[in-house]
1. With respect to residue A:343, determine if the residue is open to solvent by less than 70 Å² (accessible area, probe 1.4 Å), more than 21 Å from the chain's Cα centre (by Cα) and over 30 Å from residue B:69 (Cα atoms).
2. Examine segment A:552-566 for a residue that is away from chain B (no Cβ under 14 Å), polar (S, T, N, Q) and either open to solvent by 20 Å² or more (accessible area, probe 1.4 Å) or within 28 Å of the chain's Cα centre (by Cα) (or both), and state whether such a residue exists.
3. Of the numbered conditions (1) open to solvent by 50 Å² or more (accessible area, probe 1.4 Å); (2) within 14 Å of another protein chain (Cβ to nearest Cβ), residue A:504 satisfies every one except a single condition; which is it?
4. Going through segment A:507-547 one residue at a time, which ones are in a helix (DSSP H, G or I) and within 13 Å of chain B (Cβ to nearest Cβ)?
5. Quick test of your reading of the structure: residue A:331 fulfils all but one of (1) more than 19 Å from the chain's Cα centre (by Cα); (2) of a type outside the set (Asp, Glu); (3) farther than 30 Å from residue A:268 by Cβ. Name the failing condition by number.
6. How many residues, within segment A:567-581, are under 20 Å from the mean Cα position of the chain (by Cα), more than 11 Å from chain B (Cβ to nearest Cβ) and either among the charged types (D, E, K, R) or open to solvent by 30 Å² or more (accessible area, probe 1.4 Å) (or both)?
7. Which of (1) open to solvent by 60 Å² or more (accessible area, probe 1.4 Å); (2) in a helix (DSSP H, G or I); (3) out of contact with any helix residue (DSSP H, G or I) (no Cβ under 7 Å at 6 or more places or on another chain); (4) within 30 Å of residue A:433 (Cα to Cα) does residue A:420 not meet, given it meets every other one?
8. Show the residue pairs that are 6+ apart or on different chains and have beta-carbon atoms under 6 Å apart, the first residue being within segment A:100-119 and without any contact (Cβ under 8 Å) to a residue 40 or more places away in the chain, the second being part of a helix (DSSP H, G or I).
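The values are calculated or read from the model by the stated rules, or taken from the named source; none is laboratory data. Only a predicted model underlies this, so the values are computations on that prediction, with no experimental measurement involved. For neighbour counting, all protein chains shown are included, and Cβ atoms are generated from backbone atoms with ideal geometry for every residue, glycine included. Surface areas here come from the heavy atoms of the whole protein model, side chains and all, with no ligands, DNA or RNA. Shrake-Rupley method; radii C 1.70, N 1.55, O 1.52, S 1.80 Å.
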Amino acid sequence: MLKPKKMMRAAIVGSKEHLEAAIEALHKLSAIHINDFTEERAEFKIGHPLKRAASASEKLLKIRSISNLLGICDVGISEKFESKRLFERMDMELDELKQRVNNTVEKKGAIKKKIENIDRILEQIQPLMNEVGEEYKEYDMRKLAPLLVSDELEEKIEEIMDFDEFSGDMIKSTTFIKILLTIKKKLEGENEKEEKKLKDIKSKYASFMLASEELLSIEVEKAEAPLRFVATDHFFIIDCFVPTKRFDEVEKILREVHESISVEKLEEDDEKPVILNNPKPVKSFEFLTNLFSTPKYTEVDPTFILSIFFSIFFGFIIGDLGYGILIIVLGLYLRKKYIFGIGGRGVGNPLLIGGIFACIFGAVVFSEAFGFHLPHHPMIHKLEIEGVIELLVISIVAAFVHLGLGFIIGFFNNVRRNLKHAIAKIGWIFVLFAIFLLLMLMAEGTQVGGWVCTNILFSIQKNSMDAAGLRVPIFSLYFLVIGFIMLIVFEGALAAMEILGVVGNMASYMRLAAVGVAKGATALAFNTMFLPMIVGGDIIFIIIGGLMLVMMHALIFLLGTMSAGIQALRLNYVEFFLKFYEGGGTKFKPFGYVRRYTRT
Amino acid sequence: MVDVGTGLLGIGAGLAVGLAGLATGWAQKEIGSSAIGAIAENEALFGKGLVMLVIPETIVLFGFAIAFLLMGKM
């Protein structure tokens, strides 16, 4: 769960005559990540693409250009095309389709150009008319027209004028404009007709095009795969990574192709591609981890811890039963659908789980829904000064746990590679604990602080001394000194300067309280502004007040969800990840294809 | 009516949050536009851009802390 899936490096060696069959089998299995071969040494060269690559690429190019012209986008279609029949159909229909689409698009383009021409002329005439005024309206447009009108258009104007009653020498400028507008309208009609033709083609061929594109992409990927292999005149070598669990599968399927193909395990290598390995509810949080950076193969995968803290922080900031329920609904919706390009499981599921936590915090701790109080007394009152202090103390506890975990993971990340760094992380934990102890003793008078002091820190001597106006516990001082010395010894004097940075990090968790309070206060403010209007009894005020109340709560909901999401994410990215995370790993890209529109 | 001292405390608290907020916004403006530029070139930089963007937020939190301490004295 905290480590990526085990991966191993392998070399697949075989005789060239089995290359095509081997590619076919491997692609179907979709279990290897090809390590592209780039160095060209005298005895080893990259392979040549299979013969069918050229024709498949050419067809793919055609399909893509047609799709582009028609504006075909990814749609869910129910029917799955059979590969063989699809190839036959492509051979039969593709060229003709391309011709038809090209013709229509060209025609449309010509019409559009003419319309633009007329628009340009109108644009040029209009200011002239305004300037010259009435006189100009009688101006002989025949004199002006050739200056403005391109050849074709001129013909058309002449043509129309022949049938027009105004075929005398003088054409009034107003008439001229009228003629232009008539032509424009006619052209627009034609344009629409072509547009409709394209639409018909699109709706008729969309699924065929999508399926063809998929099939050809697969075909090209397979046919061009040898470009990523090592090849000599007689055999090929595929340098690849395989998840350790699937190694046997790969070996078996290649044996079935031909028994001469061998799969060799290669020496270990730290830079392996990464498949994150998390149980199902956590899986969708991998999106958030990857958004920051994919972890390296040797690193701890922080997704599981991120999922827990993100959800709790998010819920804590929202802390409102009403909004929580709305967020759950939004999360359920976004799991499947997209709003403004935002959506999918990676967004929906975190929102859903965060929303559940928001409901729990709202119902149990803050006793609040849409800024209104629920019947039972809240454990912590968000908008009273004592309550805010409690929230701040909770923030400090959260900071201690979260940052402490960050340092612990940092220790495990470094312990094999750089023992000095690893030990320095323990020094940081000492410093962190010293600050935590100091703050907790300061907050002993609060509910949360008191609870922590008596139940968790009970065994620590509370002796303290006065320093710089603060009551500094002796133990805090001890820890600070130990941590300080460790940092200087293992990371150098400069690192010790960063102790202030840890204080800043802890202060940063105040946002948990601050954003939560701000959201609660805004909700309360709108409620006190608009509720009296509704209670007042006048029907107009009830409607206006009700509308305003709904709108304002929608606003708080949107801004609150966004800021809570970003703040919760930030605490994980900035405060937590930077304690241990390196990132920059390569994602495992299987050689294969998930077919959506076709079947073999 | 509250006395002048309390009023001044209130104004001080407001200034602490307000000015710190402005400062944060100012800092974020620069970082945000650069980050968007970077993301436009390479989408993989989103995470790093976000991290850089939110760093100045700590400033406004310090403002909040001061305002809060002042309000405690009211």
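1. Numbers: open to solvent by less than 70 Å² (accessible area, probe 1.4 Å): yes; more than 21 Å from the chain's Cα centre (by Cα): no; over 30 Å from residue B:69 (Cα atoms): yes.
In short, no.
2. Of the residues in segment A:552-566, the ones away from chain B (no Cβ under 14 Å) are A:552-561.
Retained after the next criterion (residues that are polar (S, T, N, Q)): A:561.
Those still in the list that are either open to solvent by 20 Å² or more (accessible area, probe 1.4 Å) or within 28 Å of the chain's Cα centre (by Cα) (or both) too: A:561.
Checking segment A:552-566: at least one residue is away from chain B (no Cβ under 14 Å), polar (S, T, N, Q) and either open to solvent by 20 Å² or more (accessible area, probe 1.4 Å) or within 28 Å of the chain's Cα centre (by Cα) (or both).
3. (1)
4. Start the filter on segment A:507-547 by keeping residues that are in a helix (DSSP H, G or I), which leaves A:507-508, A:510-536, A:539-547.
Listed by number, the residues that qualify are A:507, A:508, A:510, A:511, A:512, A:513, A:514, A:515, A:516, A:517, A:518, A:521.
5. (1)
6. Here the count works out to 0.
7. So the condition that residue A:420 fails would be (3).
8. Within 6 Å, the pairs are A:117/A:153.
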